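The structure under discussion appears below in the form of structure tokens.
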2 protein chains.
Amino acid sequence: MAAERPAPEPLPEDVLIADLFAPLAGEGAFGLKDDAARLSPPPGRDLVVTADMLVAGVHCFADDPADAIAKKALRVNLSDLAAKGAVPLGFLVALALPRGTPRVWLEDFARGLGQDVDRFGCPLIGGDTVSTPGPLTVSITAIGHVGAGRMPTRLDARQGDAVVVTGTIGDAALGLVARSDPARAAGWDLTEAERSHLADRYLLPRPRVALAGAVSRHARAAMDVSDGLVGDLARLARASGLAARIEAGAVPLSAAARRAAQRDSRSLEVVLTGGDDYEILATMPPGNVAPFIAAAAAAGIGATVIGAMSEGAAGAVEVLHDGRPLVLERTAYSHL
Amino acid sequence: MAAERPAPEPLPEDVLIADLFAPLAGEGAFGLKDDAARLSPPPGRDLVVTADMLVAGVHCFADDPADAIAKKALRVNLSDLAAKGAVPLGFLVALALPRGTPRVWLEDFARGLGQDVDRFGCPLIGGDTVSTPGPLTVSITAIGHVGAGRMPTRLDARQGDAVVVTGTIGDAALGLVARSDPARAAGWDLTEAERSHLADRYLLPRPRVALAGAVSRHARAAMDVSDGLVGDLARLARASGLAARIEAGAVPLSAAARRAAQRDSRSLEVVLTGGDDYEILATMPPGNVAPFIAAAAAAGIGATVIGAMSEGAAGAVEVLHDGRPLVLERTAYSHL
């Protein structure tokens, strides 16, 4: 018999996964030693699956902190789950890393991801790591669960439904304008706290995971606002074969956004169409509005009626401002 | 009441999705009008989830036909499911498209994907489409199902298990060498049919979906061979806390690979460590070998015993060639 052969060094990606990502792994992920995960959904629940991809230089700045990029990539997916009334179960992350990405960057990325794994109770269950000659690209698939038959889609709105949004709208888009065009933002006359509120809302979405149960109980149709309030509402309206009308004055704004809108007339369009809000947009029978608002308030989150679903050309959204229709140059951020 | 407001044009990505990808959508995907899908796994089955990312210029050539790129991206994921004994249920695709990707390219991509959706019975259930300043990047998450508690992992091999591989090994890696270094391949003296066999195995993996049931019935541990036979077996051995020994002469080769190995002594290392095989590597009790081989044969697929799991340093793989240990420069393709 030959002398005992030593084991070879593991491959670099295996070391990386074992060191940085295995600590984030959930049940059924076998400590990421396998490249597939096993999932057993809770009895009586449907699974909800969603995927969102983030490209550095497109959906975030390439020099944003690695932990913030990790959180944004996960949170935009958790926001989709929340808008479907789904409680997070786990996620897979496929990571294309620019060659020469330093290990410390990956440590920060994994640390940020781990903080959100704990915060939102959503363990890592799998993924892939490759290198790319292009920019950092993070593709996350998130899986959640919702009561059987209780997932609100975009297709189920009815005429007369109230249109409700959570939180405040426009902060992230204004934060992006302020970051890209500081001269313009200087005219908004914001306090330091207001400036950093807007910047932070762009950097770190706040997925409304706490509202998943209320959404599945009260909403008829729902989605998250990611590409712009008006354009996303148009998508929901089109999928439901309806039109919608909203009051610009009813759209909930933070103090910072309100001030920006007062000082810079073009800011209102940024608020209504800029995107990156990651708030929940839902339609519900008028009788469900009060309990939904109460449930949101109990979770410390605002919820506001901004309009109603109506008959009309499918996908047409009328935005009224001071009683007159507002004409918008575009309705949402286009990905292509 | 105002005159009826016409609906705005849908956003470019919505048009693309409706035209090209909605026809591939499965149940629970709402014709891709929603950005989340609902899944209800069959009763008594566990779900299996896996993700693999493909970057043009790294995992395929950027000028490969779009339909072949689509198929490769899906098939490497289906190969993972098959190796876990899982029947495909559906998949999500996140697509980062270089700016200016022509519509005809996307039509070809969607057509190729659609052919494999039909061929493997795995519908599209969701995804994301974004633009990138970098290369085409395709991230697929595939979901399958397997009998509850019947998914073989990499961690479950036992000492004395037979090590079995399906199909033939090394064809794709030799096909890649032939494409990158035609002068070297000229020395292999292949027939035209052999040359195109190798090229085709690199371009289009053949996931062993038909063997999912046999794998879940007979294998103790299993994975697919994607990064190189020896390195992947080392991963399985390490995860199971065992060593392994294989006979190079027992590794099943196609006629083309056999000829290349005869004419070019370095080809054997390419075969054993090159990767892109997408065959199933499984360990099983010796008594399960005959029924596994019979089940594979019934599906028209070869299956061959190449060695056994043994005690020793975890992850050590001894490769014997004509009775002597073979020393390899590397054991697998490294992604980082």
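The values are calculated or read from the model by the stated rules, or taken from the named source; none is laboratory data. These numbers come from a predicted model, not from an experiment. Note that we place each Cβ from the backbone using ideal geometry, even for glycine, and neighbour counts take in every protein chain shown. Ligands, DNA and RNA are excluded from the accessible area calculation, which covers all protein heavy atoms including side chains. Shrake-Rupley method; radii C 1.70, N 1.55, O 1.52, S 1.80 Å.
Okay, here's what the table says:
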read-out	value
7 Å along Cα→Cβ, label-point gaps from B:GLY300 to other copies, nm, shortest first	6.1
Extreme residue, positive dipole direction of segment A:153-255, given options A:LEU204, A:ALA222, A:SER240 (C-beta unit charges)	A:SER240
Positive dipole terminus of chain B, leading residue within B:ALA303, B:VAL93, B:GLY144 (C-beta point charges)	B:ALA303
Derived scalar couplings ³J(HN,Hα) [segment B:26-40; Karplus, 6.51 cos²θ - 1.76 cosθ + 1.60; whole Hz; x for Gly, Pro]	x, 4, x, 9, 6, x, 6, 7, 9, 10, 9, 10, 10, 10, 10
Accessible area in square angstrom per residue, segment A:1-156, 1.4 angstrom probe	35 Å²
Cα-projected label distance for B:ALA313 with B:SER40, points at 7 Å along beta-carbon direction, nm	5.4 nm
Interface A:B - total buried accessible surface [probe 1.4 Å, Å², rounded to 100]	6600 Å²
Label-zone membership for segment A:139-177, site B:ALA22, 7 angstrom Cα→C-beta point, backbone N under 20 Å	A:152-159
Rg/Rg_globular for chain A, with Rg_globular taken as 2.2 N^0.38 Å and Rg from C-alpha atoms	1.07
Chain B - percent of accessible surface contributed by carbon and sulfur, probe 1.4 Å	53 percent
Equivalent ellipsoid, segment A:179-254 (semi-axes from 5 times Cα gyration tensor eigenvalues, Å)	30, 17, 11
Under 28 Å between alpha carbons - lysine pairs in the protein assembly as shown that sit 8 or more apart or on different chains	14
Interface residues, segment A:154-198 - accessible area loss of 20 Å² or more versus chain alone, probe 1.4 Å	A:ARG154, A:LEU155
Within segment A:85-160, percent of DSSP bridges classed antiparallel, to nearest 5	55 percent
Chain B, closest residue to the rotation axis toward A, by beta-carbon, whole angstrom	B:GLY134, 1
Dipole magnitude of segment A:92-233 about its Cα centre (Cβ charges: Lys, Arg +1; Asp, Glu -1), debye to nearest 20	340 debye
Full-extension gain in nm, B:SER196 to B:SER334, via 0.36 nm per residue minus C-alpha separation	47.1 nm
Range of Cα positions in the protein assembly as shown per principal axis (Å), largest first	88, 49, 43
Cα-based radius of gyration of segment A:198-336 once divided by 2.2 N^0.38 Å, which approximates compact folds	1.02
Peptides A:76-87, A:296-307, B:20-31 ordered by average Cβ neighbours within 10 Å, highest first	A:76-87, B:20-31, A:296-307
Charge dipole (debye, nearest 20) of the protein assembly as shown; +1 at Cβ of Lys and Arg, -1 at Cβ of Asp and Glu	960 debye
Taking all pairs of distinct alpha-carbon atoms in segment B:126-262, Kirkwood radius in angstrom	17.6 Å
Average other protein chain Cβ within 10 Å of Cβ, residues B:42-50	5
Relative contact order %, chain B, counting alpha carbon pairs below 8 Å whose residues are six or more apart	22 percent
Extreme residue, positive dipole direction of the protein assembly as shown, given options B:LEU124, A:VAL317, A:HIS59 (C-beta unit charges)	B:LEU124
10 Å Cβ neighbours from other chains, averaged over peptide B:10-16	6
Surface per residue (accessible, 1.4 Å probe) for segment A:185-336, Å²	38 Å²
Listed peptides B:224-231, B:326-333, B:244-251 by packing density, highest first (mean Cβ within 10 Å)	B:224-231, B:244-251, B:326-333
Label point 7 Å beyond Cα along the C-beta direction, distances from A:GLU311 to other copies (nm, shortest first)	8.2
Per-residue mean of C-beta atoms belonging to partner chains within 10 Å, peptide A:223-234	2
Dipole magnitude of segment A:1-116 about its Cα centre (Cβ charges: Lys, Arg +1; Asp, Glu -1), debye to nearest 20	260 debye
Label distances, nm, B:ASP63 versus same residue in remaining copies, Cβ-directed 7 Å point	3.7
Computed [θ] at 222 nm, helices only, for the protein assembly as shown once each DSSP H run of length n ≥ 4 contributes -39500 (n - 2.57)	-10500 deg cm²/dmol
Of A:ARG103, A:ARG111, A:ARG158, the one that fluctuates the most in a GNM where chain A has Cα springs shorter than 10 Å	A:ARG103
Three semi-axes of the equivalent ellipsoid, segment A:95-139, Cα gyration tensor, whole Å, largest first	22, 12, 7
Compactness relative to 2.2 N^0.38 Å, alpha carbon Rg of segment A:4-98	1.33
